[in-house]
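The values are calculated or read from the model by the stated rules, or taken from the named source; none is laboratory data. On a predicted model such as this, the values are computed, not experimentally measured, just so you know. Heads up, the Cβs are rebuilt from the backbone with ideal geometry, glycines too, and the neighbour counts pull from every protein chain shown.
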Ligand SMILES: Cc1ncc(COP(=O)(O)O)c(C=O)c1O
């Protein structure tokens with residue numbers, strides 16, 4: 001089975017520089033690029049659903065895997081391969097499989113490694129649709145889940161059953177920025193023969209590399225920071241060659257494949273990932289400090305704040321704290337909605353990871369499908385507002401928040 005772009009006759013842009021010696025930002029710009037016949041400088045987009053062969057013999061050899069080459073874009077596509085190689089290198093993983101969305105990446109992972117009767121332990125404060133996937137969809141297949149507190153290692157241990165095959169967590173979590181100890185959670189998972197998958201959406205490999213702390217799989221909603229400009233949907237899984245071979249076999253048969261155009265957008269996004277993540281982090285830190293001092297703020301959730309309960313842990317596994325923060329305004333839903341409705345610059349939308357700052361009310365949007373108990377356990381209160389700080393001038397973002405507070 002082939003996923004490489006080795007069939008393209010061309011010159012690797014880094015052919016004179018060993019990739020193993022290249023730094024993160026160099027890999028983000030050049031890894032995976034194979035020039036075609038035109039010697040184009042920017043990565044080409046191979047907008048094709050299938051590939052042709054010179055003979056029946058060559059077609060047979062390519063389909064059987066005896067010969068390197070692409071056959072059909074549900075299985076592999078050169079533009080998608082560039083993104084996969086680049087992201088694998090940035091995460092420090094052996095291989096990567098791209099998918100059509102972040103949710104399809106999680107579903108793909110689960111249906112690859114789990115079967116009826118198996119059990120998953122998942123941190124409670126993961127993305128709302130991830131909770132629904134585990135709770136409402138996988139249970140139909142007889143796959144059970146236990147939700148635990150991300151920070152409480154005893155909870156992880158206690159939730160294990162003889163059927164536990166997968167641990168899943170998101171760190172920092174959405175939207176209240178709790179941080180899980182990846183190394184310790186991985187140790188617990190491995191002690192019972194389970195895999196640990198980490199949703200690395202908030203940090204991206206620019207700020208955190210979960211595989212280096214013992215995670216087995218990194219999962220991405222590429223839709224967020226990997227694109228960085230809110231243009232397309234996509235997802236990815238990064239892990240060992242063996243695991244990714246199984247994941248690729250699932251994608252090949254079941255079809256949650258990434259489109260070449262989207263892969264091209266993501267590869268372009270990776271080129272500026274480090275710069276953007278550093279800039280998001282600086283702006284979010286400034287806004288968090290400003291919010292902490294505001295009289296109409298009851299609580300700020302940002303792990304970059306020294307007062308955040310997970311600040312010290314975050315410093316050990318992240319190089320910066322990312323662009324997402326949340327805060328509770330004094331009052332309840334009416335005050336939170338009044339704040340949001342009075343803002344003019346920030347975009348009222350559920351997406352995050354964009355150069356444009358976005359604002360949302362998690363309890364009635366991204367996490368609206370959770371029960372009241374689930375919301376309470378995940379810290380999603382009626383007065384909570386999430387801001388994913390973009391790359392506008394931070395003084396303009398603060399001025400927009402002033403508009404919000406003046407409506408309360
Ligand atoms: C942390 C996290 N994981 C997963 C997802 C799902 O990704 P997608 O929307 O690309 O399916 C999201 C989407 O917002 C998210 O925020």
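Data overview
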read-out	value
Condition met for residue 205 (at pLDDT 95 or above, within 16 Å of the ligand (Cβ to nearest atom), over 21 Å from residue 320 (Cβ atoms) and not assigned by TED's automatic domain parsing to the domain that holds residue 25)	no
Test: residue in segment 300-308 that is in contact (Cβ under 8 Å) with a residue 40 or more places away in the chain and surrounded by fewer than 16 Cβ atoms within 10 Å (Cβ to Cβ)	no
Whichever residue in segment 250-261 is part of a helix (DSSP H, G or I) and in contact (Cβ under 8 Å) with a residue 60 or more places away in the chain and, among such residues, is surrounded by the most Cβ atoms within 10 Å (Cβ to Cβ)	251
Residue count, segment 347-378 (criterion: crowded, with 19+ Cβ neighbours inside 10 Å, assigned to a loop (DSSP other than H, G, I, E, B) and either in the same structural domain as residue 224 (by TED's automatic domain parsing) or away from the ligand (no atom under 15 Å from the Cβ) (or both))	1
Unmet criterion (only one of (1) modelled with pLDDT under 95; (2) under 25 Å from residue 236 (Cα atoms)) for residue 357	(1)
Every residue from segment 148-174 that is assigned to a strand (DSSP E or B) and either within 12 Å of the ligand (Cβ to nearest atom) or at pLDDT below 95 (or both)	168, 169, 170
Residues that are touching a residue at least 40 places away in the same chain (Cβ under 8 Å) and within 15 Å of the ligand (Cβ to nearest atom), drawn from segment 192-202	197, 199, 200, 201, 202
Qualifying positions in segment 228-243 - within 15 Å of the chain's Cα centre (by Cα) and either surrounded by fewer than 23 Cβ atoms within 10 Å (Cβ to Cβ) or more than 15 Å from the ligand (Cβ to nearest atom) (or both)	229, 230, 232, 233, 239
Selected residue (only one of 342, 363 is under 22 Å from residue 405 (Cβ atoms) and at pLDDT below 95)	363
Residue 263 being in contact with a helix residue (DSSP H, G or I) (Cβ under 8 Å, 6 or more places away or on another chain), more than 13 Å from the ligand (Cβ to nearest atom) and farther than 22 Å from residue 126 by Cβ	yes
Boolean, residue 163 is in contact (Cβ under 8 Å) with a residue 40 or more places away in the chain, crowded, with 24+ Cβ neighbours inside 10 Å and outside the structural domain of residue 380 (by TED's automatic domain parsing)	no
Qualifying residue in segment 176-191 (condition: assigned to a strand (DSSP E or B), surrounded by fewer than 24 Cβ atoms within 10 Å (Cβ to Cβ) and more than 12 Å from the ligand (Cβ to nearest atom))	no
One residue from 246, 216 being closer than 18 Å to residue 114 by Cα, surrounded by fewer than 24 Cβ atoms within 10 Å (Cβ to Cβ), touching a residue at least 40 places away in the same chain (Cβ under 8 Å) and away from the ligand (no atom under 13 Å from the Cβ)	246
Answer residue from segment 56-100, given it is within 16 Å of the ligand (Cβ to nearest atom) and farther than 17 Å from residue 46 by Cα and is surrounded by the fewest Cβ atoms within 10 Å (Cβ to Cβ) among those	91
Residue identified as at positive phi and not assigned by TED's automatic domain parsing to the domain that holds residue 304 among 128, 93, 117	117
When residues of segment 101-123 are limited to those that are out of contact with any helix residue (DSSP H, G or I) (no Cβ under 8 Å at 6 or more places or on another chain) and in a loop (DSSP other than H, G, I, E, B), the one nearest to the ligand (Cβ to nearest atom)	101
Residue match in segment 317-335 (condition: part of a helix (DSSP H, G or I), within 20 Å of the chain's Cα centre (by Cα) and closer than 30 Å to residue 102 by Cα)	yes
Complete set of residues in segment 126-147 that are touching a strand residue (DSSP E or B) at 6+ places or on another chain (Cβ under 7 Å), at pLDDT below 95 and farther than 19 Å from residue 198 by Cβ	135
Flag if residue 325 is within 16 Å of the ligand (Cβ to nearest atom), closer than 26 Å to residue 278 by Cα and without any contact (Cβ under 8 Å) to a residue 60 or more places away in the chain	no
